[in-house]
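Data block below; observations after.
Throughout, read-outs are computed from the coordinates displayed, never taken from laboratory work. From a predicted model like this one, the values you see are computed outputs, not experimental measurements. Please note: Cβ atoms are built from the backbone with ideal geometry, for glycine as well, and neighbour counts cover all protein chains shown.
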Amino acid sequence: MNKNVNIDWSKLDFSYIKTDLRYVSKWKDGKWDEGSLIESNTITLSEASTALHYGQQCFEGLKAYRRKDGKIQLFRPDQNAKRMINSCRRILMPEFPVENFVNACIDVVKANEAYIPPYGTYGSLYLRPFIIGVGDNLGVRPAPEFIFSVFCSPVGAYFKGGMVPVNFNVSDYDRAAPNGTGGAKVGGNYAASMLSHENAVKEGFADSIYLDPATHTKIEEVGAANFFGITKDNKFITPKSPSILPSITKYSLLYIAKEYLHLEVEERDVYIDEIDEFKEAGACGTAAVISPIGGIYYKDKLHVFHSETEVGPITKKLYDTLIGIQFGDVPAPEGWVVEI
Ligand SMILES: Cc1ncc(COP(=O)(O)O)c(C=O)c1O
């Protein structure tokens, strides 16, 4: 595509920028329609839509990357498609098939190619697929109609000028309930986290760690990211719980730690009282890939891992390997990248 867009790639952050086209498909009378790319970035819907009142909606987040050879690739879009199906099952929405999901993402990337940041800027094109319950409905029940859409926005490198560790406190609130919707990517979880985030920032922290909602003894999530720690004997540990959102970045790091860095890996309970067993820790997710955790403020003390100012060596290796795969500089495991 030869179109030029007027964007200063070096100034991009994680903000919405309207792009040219988005994909929309509608579900009615038991089936999804063909779907198409449209120009309008607004949606008109019934005031009685379940998405507005009862939180019947879910979403995803993934990125398209520009490689050194100029080609474009998506990172594990099938995993986002499958996670969205799980979210739909949890809140009674129709599933959008994996293949159609991946094709919709490809169509949106192709149609907005001019907005993909150049290789070397570490920016990418963020894709936001979502499904909302729409149509006239009053009682608490699944919507009569649904909209699936994918829009995109160019986003900048999370770390400009090197990775910087950040500190977290421990939230007094829960973002999820035992047997609730924590494992699904539904909007209500995020609404439930906003107050905690704001309080954490007011106190000088990047965000809050959420503990398991039943006993408040185990680490679950770090803001809107998963937690991992490196033990003093070099094991990659990450918490396991049904109320954690299964992070695609986390499962990719688990694989990289084992197969590329030859570390022992374990998914298990991580007790907040035992965080001093870690010599490095990080928060992982699509947006930042990895945010090194400087320290966690817990029981009136900042528990520092590697350093408050420097990223630890294993965290750095994990990060470099993963972004190497995402930008096409490091060979990817079979099926991880979809070349467009
Ligand atoms: C609550 C929560 N945890 C973890 C993650 C990280 O998941 P992923 O690596 O798939 O982006 C996200 C972001 O999607 C999230 O919203």
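Quick rundown of the values:
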item: Placed amide H near L263: partners under 5 Å, 5+ positions off or other chain; result: K258
item: Cα-centred dipole magnitude for the chain, charges only on beta-carbon of K, R (+1) and D, E (-1), debye, nearest 20; result: 540 debye
item: Surrounding net charge for D69, when Lys and Arg each add one and Asp and Glu each subtract one, Cβ distance under 11 Å; result: +2
item: Stokes-Einstein D in µm²/s, Kirkwood radius over Cα pairs - the stretch 72-229 at 10 °C with 1.306 mPa s viscosity; result: 87 µm²/s
item: Partners for K316 among lysines (Cα-Cα distance below 18 Å; same-chain residues under 8 apart left out); result: K160, K232, K235, K250, K258, K279
item: Alpha-carbon Rg/Rh ratio, for the stretch 248-314, with Rh computed the Kirkwood way; result: 0.97
item: Dipole magnitude of the stretch 158-212 about its Cα centre (Cβ charges: Lys, Arg +1; Asp, Glu -1), debye to nearest 20; result: 260 debye
item: Percent RCO, i.e. relative contact order, over the stretch 1-130, from Cα pairs under 8 Å lying at least 6 residues apart; result: 32 percent
item: Modelled label reach - K160, point 7 Å along Cα→Cβ, the stretch 1-42 residues with backbone N closer than 16 Å; result: 7-17
item: Given K31/K82; K63/K202; K218/K299; K63/K185, the pairs whose alpha carbons are separated by over 22 Å; result: K63/K202
item: Percent of alpha-carbon pairs separated by more than 28 Å within the chain; result: 44 percent
item: Selection of trypsin sites (Lys or Arg not before Pro), the stretch 265-340, meeting DSSP coil and at most 13 other Cβ within 10 Å; result: K299
item: Rounded to whole Hz, the Karplus (6.51, -1.76, 1.60) HN-Hα couplings of the stretch 134-140, x for glycine and proline; result: 10, x, 6, 6, 10, x, 6
item: The chain: relative contact order in percent, alpha carbon pairs under 8 Å with at least 6 residues between; result: 19 percent
item: Label point distance in nm, E259-K26, each placed 7 Å from Cα along Cα→Cβ; result: 4.3 nm
item: Cα convex hull volume per residue for the stretch 38-134 (Å³); result: 109 Å³
item: Gained length - A191 relative to L138, 0.36 nm times residue gap less alpha-carbon distance; result: 16.9 nm
item: Simple label model, 7 Å out from Cα along Cβ direction - D13 to N103, nm; result: 3.9 nm
item: Label point distance in nm, N4-A214, each placed 7 Å from Cα along Cα→Cβ; result: 6.0 nm
item: Charge dipole magnitude, Cβ of K and R +1, D and E -1 - the stretch 200-340, Cα centre, debye nearest 20; result: 60 debye
item: Sequence-separation-based contact order of the stretch 202-340, relative, with Cα cut under 8 Å and 6+ spacing, percent; result: 20 percent
item: Using θ = phi - 60° and Karplus 6.51 cos²θ - 1.76 cosθ + 1.60, couplings along the stretch 26-35 (whole Hz; Gly, Pro as x); result: 10, 10, 8, 6, x, 8, 7, 7, 4, x
item: For the chain, share of DSSP beta bridges that run antiparallel, in % to the nearest 5; result: 85 percent
item: From phi via Karplus (6.51, -1.76, 1.60), per-residue ³J(HN,Hα) for the stretch 277-284 in Hz, x at Gly/Pro; result: 6, 9, 9, 9, 8, x, 10, 10
